[in-house]
Amino acid sequence: MTAGLIDGKAVAARVRAALKDDVSAFIARTGVQPGLATVLVGGDPASEVYVANKRKSTVASGMADLHQHLPEDASQAEVESLLRRLAADPQVSGILLQLPVPAQLNAAPLIDLIPFEKDVDGLTTLSVGRLAQQKPGLRPCTPAGVIELLDAYDVPIEGANVVVIGRSELVGRPVAQLLVNRNATVTIAHSRTRNLAEVCRAADIVVAAVGVKGLITAEHIKPGATVIDVGIHRGPEGLSGDVDFGPAAEVAGLITPVPGGVGPMTIAMLLVNTLRAAELQYELAGAAATA
Ligand code: NAP
């Protein structure tokens, strides 16, 4: 292997340590303890594990765990009513509706009940628009984590040619938008892209958010390029990504492993967003009081 490893675990640990100090400083300055309301509907085992990790990390950062659990058969109106209550509650800085929700629920209108200043997942229509317009707001966690990793390793973004493979609302589109906002020249590739390997070989930075195990290999990578693998696949040999790591690492200059790359950044950025949400609300309340 010739590429340098991007150590997401180490970067995430540094982000979390700095965040803990920032949370203490915010509480000392404002008297407000930031709080995260995770909302879990039903008992999907994977979602239960994800939510438990988020709650544990919230408390470890000095923020309040304001978790809410609704039964599997909760109606649209019941979830709406809970989200409206959390939206209006000044104790609640951030609201996270854990996805997927049970089949009887329509997730999109539920997500849009979360006010942009509490939208720690950055997925509401308003948050997406604010990102596009470069207005203050909360950015989706995994895409924000990708940017944090590039910055941690001093990978130049401005003027870089970047290929993002994937155009989902959760990862591909927002990461492309964040990179454009940082003055990268961004190409978004997807399942209809012709000559994917050739398109990718023009890139200084490749971000793979495809959801296809090992699709991106050495032929997709320009020698010395930075490769960020967002993919997560569970197999008999453990976790792996969208990048065929061994061959790709022979060509790349820097590369994220799976596990231990982008994955650990997602919760770290959720915690950062929860504090940022509390700050936003404090600023908005101050602005309203002086208006
Ligand atoms: P998704 O919604 O399934 O989107 C996949 C995208 O990849 C689509 O835009 C699709 O194109 C494109 N695509 C699929 N096959 C392709 C191919 N053969 N060539 C080129 N493009 C192709 O997935 P997602 O939610 O963005 O997630 C992507 C991966 O990231 C998954 O492995 C997921 O598990 C992982 N993930 C990780 C984290 C983390 O914390 N590390 C967080 C979220 C997601 P079309 O639009 O044309 O269909």
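The values are calculated or read from the model by the stated rules, or taken from the named source; none is laboratory data. Quantities reported herein were computed from a predicted structural model and do not represent experimental measurements. Here the Cβ is made from the backbone with ideal geometry for all residues, glycine too, and neighbour counts use every protein chain on show. All accessible areas refer to the heavy atoms of the entire protein, side chains included, with ligands and DNA or RNA removed. Shrake-Rupley method; radii C 1.70, N 1.55, O 1.52, S 1.80 Å.
The one condition from (1) open to solvent by 40 Å² or more (accessible area, probe 1.4 Å); (2) free of Cβ contacts under 8 Å to residues at least 40 places away in the same chain that E250 does not meet is (2). When the stretch 218-238 is examined, which residues are found to be more than 12 Å from the ligand (Cβ to nearest atom) and surrounded by 16 or more Cβ atoms within 10 Å (Cβ to Cβ)? The answer is A218, I221, K222, A225, T226, V227. Which one is farthest from G129 (Cα to Cα) among residues in the stretch 147-194 that are assigned to a helix (DSSP H, G or I), aliphatic (A, V, I, L, M) and touching a helix residue (DSSP H, G or I) at 6+ places or on another chain (Cβ under 8 Å)? Looking at the filtered set, the residue picked out is A152. Taken together, G145, G122 contain a single residue that is crowded, with 16+ Cβ neighbours inside 10 Å, in the same structural domain as I228 (by TED's automatic domain parsing) and not aliphatic (A, V, I, L, M), which is G145. Restricting attention to the stretch 107-114, does a residue exist that is among the small types (G, A, S) and in a helix (DSSP H, G or I)? So far as the stretch 107-114 goes, yes, one or more of its residues are among the small types (G, A, S) and in a helix (DSSP H, G or I). H69 meets all of the listed conditions (1) open to solvent by less than 10 Å² (accessible area, probe 1.4 Å); (2) assigned to a strand (DSSP E or B) but one, namely (1).
For the condition modelled with pLDDT of 95 or more, within 26 Å of T58 (Cα to Cα) and of a type in the set (K, R), what is the one hit in R192, R276, R201? Break it down into steps so the answer makes sense when it comes.
Details: R192 fails: within 26 Å of T58 (Cα to Cα); R201 fails: within 26 Å of T58 (Cα to Cα).
On inspection, the qualifying residue turns out to be R276.
Select from the stretch 31-53 the residues that are in a helix (DSSP H, G or I) and either under 18 Å from the mean Cα position of the chain (by Cα) or surrounded by 15 or more Cβ atoms within 10 Å (Cβ to Cβ) (or both) and list them in ascending order. Don't jump to the end; show me each part of the working.
Looking only at the stretch 31-53, we keep the residues that are in a helix (DSSP H, G or I), and these are 45-53.
A46, S47, V49, Y50, V51, A52, N53 - these are the residues of the stretch 31-53 that are in a helix (DSSP H, G or I) and either under 18 Å from the mean Cα position of the chain (by Cα) or surrounded by 15 or more Cβ atoms within 10 Å (Cβ to Cβ) (or both).
Note on the stretch 120-134: among residues that are in contact with a strand residue (DSSP E or B) (Cβ under 7 Å, 6 or more places away or on another chain) and not small (G, A, S), the one that is farthest from A88 (Cα to Cα) is D121.
Being surrounded by 23 or more Cβ atoms within 10 Å (Cβ to Cβ), in the same structural domain as A248 (by TED's automatic domain parsing) and more than 14 Å from the ligand (Cβ to nearest atom) narrows it down to one of V162, V155, V210, so name that one.
V162
Per the conditions (1) part of a loop (DSSP other than H, G, I, E, B); (2) within 11 Å of the ligand (Cβ to nearest atom); (3) surrounded by fewer than 14 Cβ atoms within 10 Å (Cβ to Cβ), the sole criterion not satisfied by A197 is (1).
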